[in-house]
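Visitor: Encoded as structure tokens, here's the structure I'll be asking about.
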Amino acid sequence: MIPPAALPKIPQRLLAAEPTWTETTDVVVIGSGIAGLTTALHLREQGLHVTVVTKDNLDDGSTRWAQGGIAAVLDPLDTPEAHAVDTEIAGVGLCDPAAVKILVTEGPGQVRELIRAGAEFDRNADGSLALTREGGHRANRIIHAGGDATGAEVQRALHAAVHRDPWIRLIEHALVLDLLTDASGRACGVSLHVLGEGTEDGVGGILARAVVLATGGLGQLFATTTNPSVSTGDGVALALRAGAAVTDLEFVQFHPTSLYLTGVRDRQPLISEALRGEGAHLVDADGKRFMVGAHELAELAPRDVVAKGITRVMHRDGLDHVWLDARHLGGPMLEERFPTILAACRAAGIDPVTDLIPVAPAAHYASGGVRTDLHGRTSVAGLYACGEAACTGVHGANRLASNSLLEGLVFARRIADDIARDLPGQADPVPVPRDCSQWVASTTSRAELQRAMTRGAGVLRSAEGLGEVAETLGALGKARSGRPRTETWEVTNLLTVAAALVSAAHARTETRGCHWREDFPEADDAWRGHLLASIGPDDQMNTTWEAIA
């Protein structure tokens, strides 16, 4: 295990001014993807006033980029038990069976509720929902919209529903900084900075009787990612500073097939595995299908298996990408089923109808996050987490394809129900100041951090590589800035989450799911358990082990 002293010290609060204005609401929801907006809508059904805070525009999170679809048992020949089996196989022994059961049994009803709310999914000629298959699924259970624009349709429907409700207050272009707590330690709101209003370091506060983190992922830890630029791990970093339990951060899923674009270091366009589900093949420089024989499902193996297969070929042949061959599917089918992918490829000068598509793995989804129970409650009273920012236990060591949007739907409902039961007994929020360390990192740290994480904590990991990343992070932690503003707050969040991830990845001396150790290439039953991250009173990142009973 990396000695804590080798990692950077982590502030227990971001350096920021005290709030100069406050608003009060019943519940503040941080994030505007499927998890955040669905939670807000369900809270309104319970008659609660809700404030939704989002870092950019309402629809600029990860949800709208989801291409493949939502996994749910909607075929009479399919069963929740079969969906659970596929989910737990992908999770490689670390899924919580109780959470998985909730996901697969409550999921179909929540999907139907989403449809009633206005989401329009692709249908067959007879009007039934069109179902397809993705990696790791042994049945057709993926619903989709616009061919490969499911996330955009879900976001459109939720966006419209939220705007119809005047009792949902929307605050856009706002970066949430830290959790506010009362004298008992219960969450009672957040501090935040609204971009473009007031000074660049100006801070306000939203007081609330419950806080829901739905801030999305942490893909911007890496130089190559399918995540938007706002995915800087803000919710996980906030939770760590607030003392909430955070777990399984080492399990970052790298999507095996992002469109490889030379020189791009932000959001790489996603080439959905639904394209492989329809018959596209992965090939090497000689045109050979290298996944055949590597796994029983070939190109439709779980994502970690495919990402590893691609990475092995890239290392073997000295390449920075491989190719996806969809030419045999034909122009009409590609135009109808995958218009978004075709548009992205053609914008880059590649026509999948006639050309091979260059693809490479990119950081895509965090299976770990802020630990919750089956009602979305974290270890801090009054603080909830939902969606990619949360670790509910459904994903284990590797998320099954298209389970992420479903998780957001299911646990948003559970969170809203729990808050409605708990909130009437809570007093009005009265935050108390915290006496703790506070500083921010330098803005110049971001690119160096991303390069180091990609090099040593990406698809390929080893003790040596992770140790080098830890040294880089330690040095970056000493390069502090005296100027609190959006850029330094984001970098500090990235540094905080990176330290927790690298510590866990170094400690877990096995290969399991998304976590691939070159120096420990096999899974080890002794590692059937979870690594929890926390910030100690000395500002050091700590990692503790919790075995599965």
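Visitor: For ALA210, list long-range residues whose amide hydrogen, built 1.01 Å from N in the peptide plane, is under 5 Å from its own amide hydrogen.
Guide: VAL28
Visitor: Quick one: what are the phi-derived ³J(HN,Hα) couplings along the range 454-468, Karplus 6.51/-1.76/1.60 with θ = phi - 60°, whole Hz, x for glycine and proline?
Guide: So the Karplus estimates, Gly and Pro as x, are 5, 5, x, 10, x, 5, 9, 9, 7, 4, 5, x, 5, x, 5 Hz.
Visitor: Under the rule of at least 5 residues apart or a separate chain, name every residue whose amide H is placed under 5 Å from the amide H of ILE168.
Guide: Excluding prolines and chain starts, which carry no amide H, there are no hits.
Visitor: Another question, then. Taking K and R as +1 and D and E as -1, what net charge do the other residues with C-beta under 14 Å from the C-beta of GLY376 add up to?
Guide: -3
Visitor: Using DSSP, restrict attention to beta bridges with both residues in the chain and report what percent are antiparallel, rounded to the nearest 5.
Guide: Counting only bridges with both partners in the chain, antiparallel ones make up about 65 percent.
Visitor: Please name which of LEU400, ALA360, ALA420 has its Cα lying farthest along the dipole of the range 356-444 towards the positive end, using unit charges on Cβ (Lys, Arg +1; Asp, Glu -1) and the Cα centre as origin.
Guide: In the range 356-444, that residue is ALA360.
Visitor: Would you mind working out the magnitude of the charge dipole of the range 258-361 relative to its Cα centre, with +1 at each Lys and Arg C-beta and -1 at each Asp and Glu C-beta, to the nearest 20 Debye?
Guide: 220
Visitor: Taking square-rooted eigenvalues a ≥ b ≥ c of the alpha carbon gyration tensor, is the range 78-234 rounded, prolate or oblate, where a/c under 1.5 means rounded and, failing that, a/b exceeding b/c means prolate?
Guide: Prolate, since a/c reaches 1.5 and a/b exceeds b/c.
Visitor: Also: Going by C-beta contacts inside 10 Å, put THR24, THR488 in order with the fewest on the left.
Guide: Lowest count first: THR24, THR488.
Visitor: Another one. Which peptide among 129-140, 156-167 comes first, and what is the full order, when sorted by highest mean count of other Cβ atoms within 10 Å?
Guide: 129-140, 156-167
Visitor: To continue, here is another question. Can you tell me the order of 213-219, 84-90, 348-354 when each peptide is scored by its average per-residue count of other Cβ atoms within 10 angstrom, highest first?
Guide: 213-219, 84-90, 348-354
Visitor: In addition: Calculated from the structure, mean projected area of the Cα convex hull in nm² equals which of (1) 27.8; (2) 23.5; (3) 32.9?
Guide: For mean projected area of the Cα convex hull in nm², the calculated option is (2).
Visitor: Here's a follow-up. Assigning unit charges at the beta carbon (Lys, Arg +1; Asp, Glu -1) and nothing else, what dipole magnitude in debye, to the nearest 20, does the chain show about its Cα centre?
Guide: Dipole size: approximately 360 debye.
Visitor: Treat the count of other C-beta atoms within 10 Å as a stand-in for reagent exposure and order VAL432, VAL305, VAL283, VAL246 from fewest to most.
Guide: VAL432, VAL283, VAL305, VAL246
Visitor: Where the centroid of each part is defined by its Cα atoms, how far is the range 135-182 from the range 196-226 in Å?
Guide: Cα centroid of the range 135-182 versus Cα centroid of the range 196-226: 16 Å apart.
Visitor: Oh, and also: Show the residues, 5+ positions off or on another chain, whose built amide H is closer than 5 Å to the amide H of VAL380.
Guide: ALA245
Visitor: Could you derive backbone 3J(HN,Hα) for the range 525-541 from the dihedral phi with the Karplus parameters 6.51, -1.76 and 1.60 (θ = phi - 60°), listing whole Hz in sequence and x where the residue is Gly or Pro?
Guide: Karplus-based 3J(HN,Hα) across the range 525-541 equals 4, 5, 9, 7, x, 10, 9, 9, 9, 7, 9, x, x, 8, 6, 8, 6 Hz.
Visitor: Something else: Between rounded, prolate and oblate, where does the range 258-361 land on the alpha carbon gyration tensor, with a ≥ b ≥ c its root eigenvalues, rounded for a/c under 1.5, else prolate if a/b exceeds b/c?
Guide: oblate
Visitor: When you count, for each residue, the other Cβ atoms within 10 Å and take the mean per peptide, how do 26-37, 70-81, 363-374, 117-128 rank with the highest first?
Guide: 26-37, 363-374, 70-81, 117-128
Visitor: Taking the Cα-to-Cβ direction at LEU460 and at ASP525 and moving 7 Å from each Cα, how far apart do the two end points lie in nm?
Guide: Rounded to a tenth, the inter-label distance reads 3.2 nm.
Visitor: For the chain, what is the calculated [θ] at 222 nm in deg cm²/dmol (nearest 500), taking -39500 (n - 2.57) for each run of four or more DSSP H residues and dividing by its residue count?
Guide: -10000 deg cm²/dmol
No value in this document is a laboratory result; all are computed from the given coordinates. On a predicted model such as this, the values are computed, not experimentally measured, just so you know. Because the Cβ atoms are built from the backbone with ideal geometry, glycine has one as well, and the counts that use them run over all protein chains shown.
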